[in-house]
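What follows is a single structure, and I will ask about it in a moment.
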Amino acid sequence: MKKLFLVSLCSLFLIAFTAVGFASPLMDYSQGKGALDVSIKPNSDITVESGGSTDIDGKHGNLDAGVTYGLGKEWAVQYRYGTADAKKYTWGSVHVRAQEFNVLRKVDKNVSAFVGATWVRPEFNGSISASGDTTTGYQVGLIGVAPLDKKTSFYGIVGAGNKISSYEAGLSYAMTKELELNVGYRYAKYKDLEIKSLDRSGDYTAKGFQYGLTYKF
């Protein structure tokens, strides 16, 4: 599955350099242009690696949300927020909150590069509840789109940094000029998360399908 999505992403970026038409995510960075995104992740698969590997189910209702705002001259800024909470088990549950602030630069009509800062905070809720330290880091990446027709686009996002690595691929359908429906798959790995009060640290991976809406203004 991972190899299939990586191949799809590579194909996307090759196609996107010559593609034209309606596209998602936001690629118009004219001053004042923007987009609001909200996605629900109903069935994420989560893996915790801390002295071993444990697979658990994600909590229903995990979400991603973000806003992208054009600055003009092919520049934009972006804020993204996401949750990766596990279901509650007999031993408790793990919650993760992730934030990104990115600066975007158009590379081509349908391809952008970005660089940004990341903040990830874990929490453990069980017989003993504890909040972890906020892990800060950086990331770089690419965003691309490949229009399939006037209303449908294939999109991909790939990012890598010292504390987070992720990729996302999906389809976007324009229901109106401003409103789009998105269906995609997202993988995110959060590295070296710490809960010092429990003397625990490790990596946290969340992956699965997501469904959302994008409003462009």
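Please work out how much length the chain gains when fully extended from Val115 to Phe101, using 0.36 nm per residue of separation minus the C-alpha to C-alpha distance, in nm with one decimal.
Computed gain between Val115 and Phe101 is 4.2 nm.
Please list the non-local residues whose amide H lies under 5 Å from the amide H of Ser44, H modeled 1.01 Å from N, same-chain partners needing a gap of 5 or more.
Hits under the 5 Å cutoff: Gly58.
Could you pull out every one of the lysines with an alpha carbon less than 29 Å from that of Lys73, ignoring same-chain neighbours closer than 8 positions?
The qualifying lysines are Lys33, Lys106, Lys109, Lys150, Lys151, Lys177, Lys216.
Work out from phi, with θ = phi - 60° and the Karplus expression 6.51 cos²θ - 1.76 cosθ + 1.60, the ³J(HN,Hα) of each residue of the range 133-144, listed in order in whole Hz, and give x for Gly and Pro.
Rounded to whole hertz, the list is 6, 6, 9, 9, x, 9, 8, 10, x, 10, 10, x.
Which distance in nm do the two modelled labels at Asp57 and Phe217 give, with both placed 7 Å along the Cα-to-Cβ direction?
3.8
What distance in nm separates the two pseudo spin-label positions at Glu178 and Asp133, each 7 Å out from Cα along the beta-carbon direction?
4.5
Every number here is computed from the coordinates shown, using simple stated rules; none is lab data. The model shown is predicted, which means the values in this text are computed figures rather than measured ones. Glycine gets a Cβ as well: all are built from the backbone with ideal geometry, and neighbour counts include every protein chain shown.
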